[in-house]
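Okay, structure first, notes after.
The values are calculated or read from the model by the stated rules, or taken from the named source; none is laboratory data. Only a predicted model underlies this, so the values are computations on that prediction, with no experimental measurement involved. Here the Cβ positions follow ideal geometry from the backbone for every residue, glycine too, while neighbour counts run over all protein chains shown.
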Amino acid sequence: MHLILHVKKKYFDQIKSGEKTEEYRIKKPYWTARFENKQFDSVTIICGYPVWHEMCSDNCIDFESCNIETRLINHPEFGSEDVMVYVIKLVK
């Protein structure tokens, strides 16, 4: 199964440089339905929401595998409170 995640440009650039090796999704019913009891063989990270004909290697990064776990984190993107998130570990 292949996972596709869209991220903001600042996070895309951090992933592309290797600085960021995990992507987060807040644990809500939508993501639980997508992640629970599923195994993903690969993941594509896409910068924003480009129109289909603009998809290229400049705005997509493919990873051969990904592992997903849950963790309690504090991240400015999710406010000042600790939140439970899905952690998608990006493995080249």
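Return the total of residues in the range 1-19 being assigned to a loop (DSSP other than H, G, I, E, B) and either over 14 Å from the mean Cα position of the chain (by Cα) or free of Cβ contacts under 8 Å to residues at least 12 places away in the same chain (or both). Let's see the steps before the verdict.
Here is the first cut: in the range 1-19, the residues assigned to a loop (DSSP other than H, G, I, E, B) are 1, 8, 18-19.
With the extra rule that they be either over 14 Å from the mean Cα position of the chain (by Cα) or free of Cβ contacts under 8 Å to residues at least 12 places away in the same chain (or both), the set shrinks to 1, 18-19.
Result for the range 1-19: 3.
In the range 45-80, how many residues are part of a strand (DSSP E or B), modelled with pLDDT of 90 or more and more than 16 Å from Lys9 (Cβ to Cβ)?
Of the residues in the range 45-80, 8 are part of a strand (DSSP E or B), modelled with pLDDT of 90 or more and more than 16 Å from Lys9 (Cβ to Cβ).
If you check Asn59 against the conditions, is it in contact (Cβ under 8 Å) with a residue 24 or more places away in the chain and either surrounded by fewer than 14 Cβ atoms within 10 Å (Cβ to Cβ) or within 14 Å of Val7 (Cβ to Cβ) (or both)? Steps first, answer last, please.
On the way: in contact (Cβ under 8 Å) with a residue 24 or more places away in the chain: yes; either surrounded by fewer than 14 Cβ atoms within 10 Å (Cβ to Cβ) or within 14 Å of Val7 (Cβ to Cβ) (or both): yes.
Judged against the criteria, Asn59 is a match.
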